């Protein structure tokens, strides 16, 4: 019996040691053993450098493979919490005066359980694809839409986890929120993906239903585009998924809201996507 006990102890010890040295990180912030701690920082480039290199593919809503062994180091400023911006993260790097923003498409739900806003990461790029989705830069892999047209899509969750190393703990103080008035005339190629605030009233797509995203008003992408009448002049599209947690939020006619969200391109224009219900303040 004693020999059996000793043998079992040795086997369990070997298994524990193997798990600890596997190169996968048991993240103390999320509790999931998924992140690739074996990644070593090398050949780090900026998001803007990457987007400049593949600007033709992005602007044409096409895609191209990243063949260089390079990496990004940045801060996750938005996840999919709230169900409006689904299966994607937004990564930011650079400085306040010269930032870079990039969408990371991941084919999984509830990313917010795994990675939080304010989390710094290291991301391995080689073999990924970069392209344009509505002229927004996005990382992922090629896919086909409902019309069988090829476009940039998402990477698998296993591929995402294998390419990412977490750097320290999340810190939301790393996330800048800008006034839309200070961004609206800036270069869309660079600033698409930033977090903004805007004040204004909301005109719904259908005045028969004064909510953010009624299923009856949805387009083929299951989204509803309402109009923000920006205080001070002009308008801004407000894009909301019918699957979001706040789709049924009631709109008050003529009421001026403060609205936060991710500012993205819709081809040559801007559109805003709220992240969670707390992004609209009465």
| said: If you average 1/r across every pair of different Cα atoms in the chain and take the reciprocal, what Kirkwood value do you get, in Å? | reply: 20.3 Å
| request: Could you list 274, 108 in order of exposure, starting from the residue whose Cβ has the fewest other Cβ atoms within 10 Å? | output: 108, 274
| Relative compactness, the range 177-281, computed as alpha-carbon Rg over 2.2 N^0.38 Å | 1.00
| field | Pairwise centroid distance, computed over Cα atoms, of the range 191-255 with the range 78-106, Å | value | 20 Å
| remark: Checking 203, 258, 242 against a Gaussian network model of the chain (alpha-carbon springs below 10 Å), the top fluctuating residue turns out to be 258
| field | Förster radius 30 Å - calculated FRET efficiency between residue 177 and residue 150 (Cβ-Cβ, nearest 0.05) | value | 0.25
| task | Counting helices only, and only those DSSP H runs with n ≥ 4, report the 222 nm mean residue ellipticity of the chain as the sum of -39,500 (n - 2.57) divided by its residues, in deg cm²/dmol to the nearest 500. | result | -4500 deg cm²/dmol
| field | Exposure proxy order (Cβ contacts within 10 Å, fewest to most) of 210, 191, 35 | value | 210, 191, 35
| message | Suppose each label sits 7 Å from its Cα in the direction of the beta carbon; what would the residue 143-residue 220 distance come out to in nanometres? | response | 1.6 nm
| message | Highest mean first, how do 88-99, 262-273 rank when packing is the count of other Cβ atoms within 10 Å averaged over residues? | response | 262-273, 88-99
| query | What is the calculated FRET efficiency for residue 167 to residue 96, with r their C-beta to C-beta distance and R₀ = 22 Å, to the nearest 0.05? | reply | 0.65
| Calculated FRET efficiency, residue 49 and residue 282, Cβ-Cβ r, R0 41 Å, to nearest 0.05? | 0.50
| field | Distance (nanometres) between label positions extended 7 Å along Cα→Cβ at residue 249 and residue 37 | value | 3.9 nm
| query | When you count, for each residue, the other Cβ atoms within 10 Å and take the mean per peptide, how do 222-230, 73-81 rank with the highest first? | reply | 73-81, 222-230
| note | Subtracting the Cα-Cα distance of residue 206 and residue 267 from 0.36 nm times their residue separation yields 19.6 nm
| note | Counted neighbours (other Cβ, 10 Å), sorted fewest up, put 184, 126 in the order 126, 184
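Read-outs throughout are calculated quantities, based only on the coordinates presented, and are distinct from any laboratory measurement. Quick caveat: nothing in here was measured; it's all calculated off a predicted structure. Don't worry about glycine lacking a Cβ; one is built from the backbone with ideal geometry, like all the others, and counts go over all protein chains shown.
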